[in-house]
Structures are given as C-alpha cells and as structure tokens.
Amino acid sequence: MKIGRSEVLRKIDKYCIENLNIPGIVLMENAALKVMKHLNIEENNKFSVVCGSGNNGGDGFAVARHLKALDKSVEVFLIGNSSRLSKDCRINYDILRNMGLKIKEISNVEDFTELKDSLQQSDIVVDAVFGTGLTRELEEPYLSVISIMNENSRYILSVDIPSGMESDSGEIKGNAIKADKTVTFELYKKGFINYKSHKHTGNIAVEDIGIPGKVIDMYHEGEFITSLEDIKKVIPKRDKVSHKGNFGRVVIIAGSEGYTGAAYITTEAAVSSGAGLVTLCCPKNIQSVMSAKVIEAMTFGFKRSEDLIERISSANAAAVGPGMGSNDETLEVVKEVLSHSTGTVVLDADALNVLEGNTELLKGRKASVIITPHPGEMSRLTGLSIDYINENRIKTAKEFAEKNSVVVILKGYNTVITDGISTYINPTGTSAMASGGMGDCLTGIIAALAVQGLSPLESAYTAAYIHGAAGDKLSCLKYSVSAHNIIEELPYTLKEMENL
C-alpha cells in the first residue's frame, strides 16, 4: 500500500487530466462510487451529506446524487457560498439541483439548528467539507460546523481525509472531524501516520479510482504501508533437504550482570525465528547463568572485546546491545563488531546509546547495519528533541538512514523502517505488547531473518511485521503480551506467513 503527500496527489491528478485526458469529473464520479460501497445502504436509509466548495465537496454532491437515485432520505448542506464552487464541484451541485434536491447553505449561526437536527436524525453523516488541499487554519463557520458534526452524528464517514486535518502532517488546523471511517483514494495519506491521527480517521479504507498504476509510480516517493503481499514475497521458504548450515549463523552479543533477561530474550527470539546456529556472546561472569537458560543456543564468555573477533568474523549476522550497559566496554565491542563483521549487524539498546557523539563509527565499514532506536534513543543519536521526532518520524528516520547508509527501524506506533530510499510503515502490533523485552525480541528476529537470505531492509520490515502480527494474535486472548509469549508464538506466525 503506497503512501503519498498531497503534492504527489496533485501531480498525479494533473497528469491524468492533462496528459491522459481523463476528465476530473470522471475521477470525481469514481470516488463517489467507491464511497457508496462503504455506506451500507442495505441497512441505512437516512443520510446527511455536508460539503465544501472544492473538489472534496464535489465528491460529496456526487454521493448525494447516488443516494437520491436509490430513493434514500438524504439532506445536503454546503458550507460557504455556492458562487465559489470549483468547476467539477459545480457540475455535481447543478445536477443535484436539477434533480429537485434542495441544498442548504450554512454561512452563519442561524443555519446551525437545521444542520444539527438533520445530523441527529441521520444514520450516517458524510463529511466532504475539506480534502487534501487544506493548509490554512480554519475559521468560522467551519470551526463550529465541525464541532456540531462531531457532537451530533451517530456515525461519520469522511471522504478522502477528515475535514480539518492537514494531509501531510496530520496536524489539526483548529478543529477536525472525528470520523468513524475514512475512505481515501489511491494513496494512504502521509498525515494518517501521525500518532494522534487515528482519533480522527477511524478505520481507513484505501480505494482505487481508476488512475493507472504507472502514473502513480511516476510520482510516488517510495513510501509504503507493509502488507501481507510484501511479506509473502520475501519470507524464507524452508526446503525439505536443507540443514542448519543453510539457515545461517547468528552471534548475539548481549547481557551483563543483573541484565541477563535481555540477552536471553534476544537469543531465544533468534532461535525461534529459524536461524540455523545461534551463539550468545556474553561477559564471562554471567556465562554459566546464560548456559543454563538458553539450551538451544551456544554460549561464549568474553572478558575483552578482542575476544569476540573470531566469533564476529565467522557469523553471517551479529546483534549487539541488549542489556550490555552504556559504558566504555560496550563502545569497544561495537567498534570491534563494525570493524570485523562482513554480514549484517543489528545495533539495539546500549549499542545505540554508546553511539551518541560517535556516529562516525558507522562510516567506512563492510557490514550492513540496521539500527533499532525508540524515539529517546533516536534523540540521543541525532540531537533532535523527542517531540520533534514524534512529529517528523519519517523525515527523521530517512535523513539519518541516508546520511549514515544504514537501515533505521524507528520504533513506536506505526514503526518506520527505511534505508533512506524506500520506507515502510508497519501496521501490526498492539498496546498489549507494551512491556519490557519487546525490543530485545525484535532484535533477535531481525538477526535471524538476515541470515536466511533477506536483505537488510527486507529483514527489518519483515521482522517488524511478524513481531507485531504475533502480538496481535495473542492479544485477542490475552490482556497483556510478554516477550516470552511472542517468542513461543513466532514459529507459528512464521509458518502461517510461509504458507500464504
């Protein structure tokens, strides 16, 4: 599923109209027909359609026409003045009037009562006031109309985007519709990824309105929502004649006294995700503890970072950082890994913390590097505030990935995965998974996939998807889901994905 900015959408529409000679009114009609699919017209009979004067309003007028043709009870409102309608909006406005349907203009406080009464009596309210072109702060009467719609509607369906939301950032321009469902067209709007946007979008459906795929590809900027189709293409297939040597060697460098759990979780996640041979390298003073805990993996105790060179050099992937402590010893380990690894290196937790002020270590290496920061760790790596990062997650991740030639997994709601060129937003996962050890678990999954033939970017977005999918499945039956629960579920989730 492709993600797009409003400028990308404008270019696509312009190309279709000017180069392919697809009339804008045809695209508007296609949009209206797709909205009709989501109105459950077999069960609902009373509708209010609230329109603006732009093309989004034209979509709304076209929806109202189809409802009227089906003999549904429909009341239509125009916010603003009919003298300012866009060209295609005017066409559908005039058709409605020619059909004898009265369109009520809302321009002042006296008009609000009639709108409120209509909303209260409707089964569904269609919001078609503002589309993706909104950038200004809203003024009256729009601010009040949106409040009235939110307060008096049983169910709101927004056309393309909830009115009052800025398409690219998800910023609320003074007030915004709180939709139960948003039917958007062709591209998933970038603003929908904003942490707060789900309070306004409700469920999101992306519909095709007849724009050729090659036109979308001409302007699309390489940003996607990860889908099952993406996972199906890359999930490792296990040939019946394969042996453990075919599924790669992973080295986990993790743990310290008092923090053995992180090392255990990362190691077990790698084992459960199908890595052929897994070795946990941990400080010598906790090796006996770890050997008793991780029975399917080998352990190696080290005293100095130099002790790891042979293990690092022989591994296809290394995962570094969980539970190690943010100290000089960890920094030396990271230096050795980046100097001697020729495979994929996953840096997490304390391996990221020690890179604060030391990101030059990411330069001049043979290994492919995947980093897995949460916003706090990303703040330390970049010097940017957590608030800024949360408001600019894709931008922050892409810029760091491109600058440092790494794959970034910026964790959180709608985890961002990017190599600076292509970007994937992970749709899986649940707040039931909000517990310690989840990041350690993800790190183990990434490392395991990286040694089974996936590229670093593929390993990253596939691991994030599978990690979240396992949590989603478990959360249907469990109030909270632990990292250990995920580890037990991983082989089953991977098998389901393999059989897609």
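The values are calculated or read from the model by the stated rules, or taken from the named source; none is laboratory data. Keep in mind that what you see is a predicted model, and the values were worked out from it rather than measured. A quick note on method: Cβ atoms are made from the backbone with ideal geometry, for glycine too, and the neighbour counts reach across all protein chains shown.
Annotations for the structure displayed:
- Scanning the stretch 128-171 for residues that are among the aliphatic types (A, V, I, L, M), within 22 Å of Lys46 (Cα to Cα) and surrounded by fewer than 24 Cβ atoms within 10 Å (Cβ to Cβ) yields a single hit, Ile148.
- Residue pairs meeting the criteria (Cβ under 7 Å; at least 6 apart or on separate chains; first in the same structural domain as Gly321 (by TED's automatic domain parsing), in the stretch 281-293; second part of a strand (DSSP E or B) and among the aliphatic types (A, V, I, L, M)): Cys281/Val251; Cys281/Ile252; Cys281/Ile253; Met290/Leu280
- Any hit, the stretch 23-32, residues being more than 17 Å from Gly60 (Cα to Cα) and not small (Gly, Ala, Ser): yes
Listed here are the residues, each with its yes/no results for (1) under 30 Å from Arg5 (Cα atoms); (2) surrounded by fewer than 23 Cβ atoms within 10 Å (Cβ to Cβ).
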{"site": "Lys46", "(1), (2)": "no, yes"}
{"site": "Leu67", "(1), (2)": "no, no"}
{"site": "Ser73", "(1), (2)": "no, yes"}
{"site": "Val76", "(1), (2)": "yes, no"}
{"site": "Lys104", "(1), (2)": "no, yes"}
{"site": "Leu119", "(1), (2)": "no, yes"}
{"site": "Ser122", "(1), (2)": "no, no"}
{"site": "Val126", "(1), (2)": "yes, no"}
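- Qualifying residue in the stretch 255-273 (condition: over 24 Å from the mean Cα position of the chain (by Cα), at pLDDT 95 or above, closer than 22 Å to Leu27 by Cα and not in a strand (DSSP E or B)): no
- Screening the candidates Val26, Val8 for the property of being crowded, with 16+ Cβ neighbours inside 10 Å, touching a residue at least 40 places away in the same chain (Cβ under 8 Å) and out of contact with any Ser or Thr (no Cβ under 6 Å at 6 or more places or on another chain) yields one hit, Val8.
- Some residue of the stretch 54-68 being within 23 Å of Ile146 (Cβ to Cβ) and of a type in the set (D, E, K, R): yes
- A search for C-beta distances below 6 Å between a residue of the stretch 236-265 that is in the same structural domain as Leu490 (by TED's automatic domain parsing) and any residue that is at pLDDT 85 or above and of a type in the set (D, E, K, R), counting only pairs 6+ apart in sequence or on different chains, returns Val251/Arg311; Ala262/Asp440; Tyr264/Lys293; Ile265/Asp440.
- Applying the criterion of at least 3 residues that are within 30 Å of Asp111 (Cβ to Cβ), aliphatic (A, V, I, L, M) and in contact (Cβ under 8 Å) with a residue 24 or more places away in the chain to the strands (runs of 3 or more DSSP E) found wholly in the stretch 124-229 leaves 124-128, 156-159.
- Scope the stretch 115-140; condition more than 24 Å from Gly191 (Cα to Cα), touching a Phe, Trp or Tyr at 6+ places or on another chain (Cβ under 8 Å) and not small (Gly, Ala, Ser); matching residues: Leu115, Asp123, Ile124
- Test: residue in the stretch 71-82 that is more than 27 Å from Asp180 (Cα to Cα), in contact with a strand residue (DSSP E or B) (Cβ under 8 Å, 6 or more places away or on another chain) and not in a helix (DSSP H, G or I): yes
- Considering residues of the stretch 358-379 that are surrounded by fewer than 18 Cβ atoms within 10 Å (Cβ to Cβ) and of a type outside the set (Asp, Glu) only, the residue nearest to Ser314 (Cα to Cα): Lys366
- Exclusive hit being closer than 10 Å to Gly444 by Cα, in contact with a helix residue (DSSP H, G or I) (Cβ under 7 Å, 6 or more places away or on another chain) and of a type outside the set (Asp, Glu), set Ala319, Ala297, Ala262: Ala319
- Qualifying residue in the stretch 404-423 (condition: basic (Lys, Arg) and in contact with a strand residue (DSSP E or B) (Cβ under 7 Å, 6 or more places away or on another chain)): no
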